[in-house]
Each structure stands twice: as C-alpha cells, then as structure tokens.
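In what follows, a single structure is set out as structure tokens and then discussed.
Quick note: the coordinates plus some simple rules give every number you see, no bench work behind them. Source: prediction; values computed, not measured. Counting neighbours? That spans all protein chains shown, and the Cβs are built from the backbone with ideal geometry, glycine included.
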Amino acid sequence: MTRCKKEHQLLVADDAPPFEVINGIQADSPILIVCDHASNFVPEALNGLGIDPRHFQQHIGFDIGAAGVSRCMAKNMGVTAVLGGYSRLVLDPNRYLTAHDSIPSISDGVVIPGNESLSAADRMLRVEELFIPYHMAISRAVSNIRSYYCMPLVLSVHSYTPIFQGFERPWEIGVLWEGDDGVAALLIEYLRDNSDYHVGENEPYHACNPVGYTVKTHAESSHYPSVLVEIRQDLIEDEAGQLAFAGLLAGALEMIQATLEVVVAPLPGGTV
C-alpha cells in the first residue's frame, strides 16, 4: 500500500488507531477498564524516535502485560475497556500536557532524539491525533455507561518493573488512589483475603506523584468510584499470568460492584 501523508498529519493509513475499545457499544456493566500504556507502537513518520527498537520492548515503551490483563477482563466479564494505541514514549496519555514527561526527551536514562527540540506544531500533532482521540474514547465510554447506570466504576490497569534504580520492589501488586480510599480499601482487603500476593498501598508509586491524568479527569473529577492497580510486570509477561490476574481482579470488581450497589445501580427504567 502506498503511504499517503498530508501536510500537518501524523498518522497515515498503515498506522494503528490511537485507541482500542472492547465492548464499547454494550453497557452490560457499570465497570470501565482503562489501560493507558497498553501499546508500544510508534507512528511510521516518527522513525522509531531515533532509539534502539529494543527499548520499545521494555517498560519505558509500554506497560508490559497490562493490555493482556485488560483484554482478558473485558472479554471474560463483558465490560467495556479502552486501551491506548501508542507508546508512552511518543506521548504519555496519563500525563497532563504541561508535564515535563508528557513527551519525554529522556526516560530511565535513555535519550529520545525524536522528542528533542520539538516544535509547537509537532507537539500539537501528537496531542490532536493521539491524546485527544484516546480521551474522547474514554469520555464516550463513560457517557454510554451513564445512559444505563448512575455512574461508572473505573479501574485503571498498569504494570511496573521488579527493580527500579537498584531497588528490588517487594510488592507484587499495588493499589493506588488519591482522596477517597473507599474503592481502594475494598480492593486491598479482597486481594489480601483471596491471594498470597504482597499488596502495596500507594506503592510502588503514590497516585499523587506523578499526578495521573486519566483517572483524575474521567473519574475523580466527577466523584466516580475508581482505583488504579499496578502489577509487577514479570508476573504478567505471559498469557497464564495475565489470565490469573484478570481472574483475581474480576472477582474483586464484582465484589466492589455489589458493595457499591446503590452508587453504581442501573437507572430506573433503564434497559441493560
């Protein structure tokens, strides 16, 4: 196929879409799964950002295993999931656009030549063609759920490296939240009662540092019940691990939904 790129356009016909939606039309559940760093794709026009391709297979390129967990949950539970379509090195959809690492020029010691000295126009192309479409897809999913339910229950899925800057992280799964810890407390209790995993509370990161854009914008700003999970990537590198964590989190979400029955209940007269 001949590539055709108009002036002031980033994505071309052969490029992947900026997001993936699973069960987007259905509203069989108030649960919404979001996976910001699902993909390590790079638009063809950016020539791999000028770095060794192996870096895109590492955690700086995407959240290893997070997409697999998210897809398993969405398909097995029949709930909606929205997954990011491009590498966090191109543009991080979970950062405010004013953040220094929204389009990182260096990540975990790796210099990103393709992100250095970007013009305002080049940055805006990434915002318009990657960031905005992804977040509009999440907004549509929220609106669809709100057509049938009082409010959505939002789970954000991420993964992290076992060792960071020489520190061996002891947690196998982390539960992150900011503000109201109601959903987080329920999830932590469930994980400790139903698994042998070492659960971190606002570990290995705190939800406030760095400030995540997705949950803050699509859930916390509207006081929707939400929580973010970080899973150690070595536990979900393969399909078996992804299925195991998807099953564990599915059980947790079903319990949380039942506990919050009034909050996330179907609207009167709504057809689900």
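Against the longest alpha carbon principal axis of the chain, how many degrees, from 0 to 90 and to the nearest 10, is the axis of helix 239-259 turned?
Rounded to the nearest ten degrees, it is 50.
Can you pull the one-decimal nm distance between simple spin-label points at ASP180 and ASP108, each 7 Å off the Cα toward Cβ?
Here the modelled spin labels are 3.4 nm apart.
Order of SER139, SER29 from fewest to most other C-beta atoms within 10 Å?
SER139, SER29
Averaged over all directions, how much area does the convex hull of the C-alpha atoms of segment 1-156 cover when projected, in nm²? The partial results should precede the final answer.
Details: hull surface 40.3 nm².
Averaged projected hull area, Cα only: 10.1 nm².
If amide H atoms are built 1.01 Å from N in the plane of the peptide, which residues on other chains or at least 5 residues away come under 5 Å of the amide H of ILE231?
HIS158, SER159, TYR160, GLY174
Can you figure out the FRET efficiency of HIS223 with ALA258, using R₀ = 22 Å and their beta-carbon distance, to the nearest 0.05?
0.65
Mind listing the long-range amide H neighbours of LEU153? Cut-off is under 5 Å, sequence gap 5 or more, other chains count too, H placed in the peptide plane at 1.01 Å from N.
Counting only residues 5 or more places away or on other chains, the set is ILE31, LEU32.
Among DSSP bridges having both ends in the chain, what percentage is antiparallel? Round to the nearest 5.
Of the beta bridges lying entirely in the chain, close to 45 percent run antiparallel.
Which whole-Hz couplings ³J(HN,Hα) result when phi for each residue of segment 186-193 is put into the Karplus expression 6.51 cos²θ - 1.76 cosθ + 1.60, θ = phi - 60°, listed in order with x for Gly and Pro?
5, 5, 4, 4, 5, 4, 6, 7
Give the angle, between 0 and 90 degrees and rounded to the nearest 10, that separates the Cα long axis of helix 132-146 from the longest principal axis of the Cα atoms of the chain.
Once rounded, one gets 20 degrees.
Using only C-alpha positions, report the orientation-averaged shadow area of the convex hull of the chain, nm², one decimal.
Details: hull surface 59.9 nm².
That works out to 15.0 nm².
Once the Cα gyration tensor of segment 102-224 is found, what semi-axes does its equivalent ellipsoid get, as square roots of 5 times the eigenvalues, in whole Å, sorted largest first?
That gives 29, 25, 10 Å for the three semi-axes.
Once fully extended, how much extra length lies between LEU118 and TYR96, figured as 0.36 nm per residue of separation less the alpha-carbon to alpha-carbon distance?
In short, 6.2 nm is gained.
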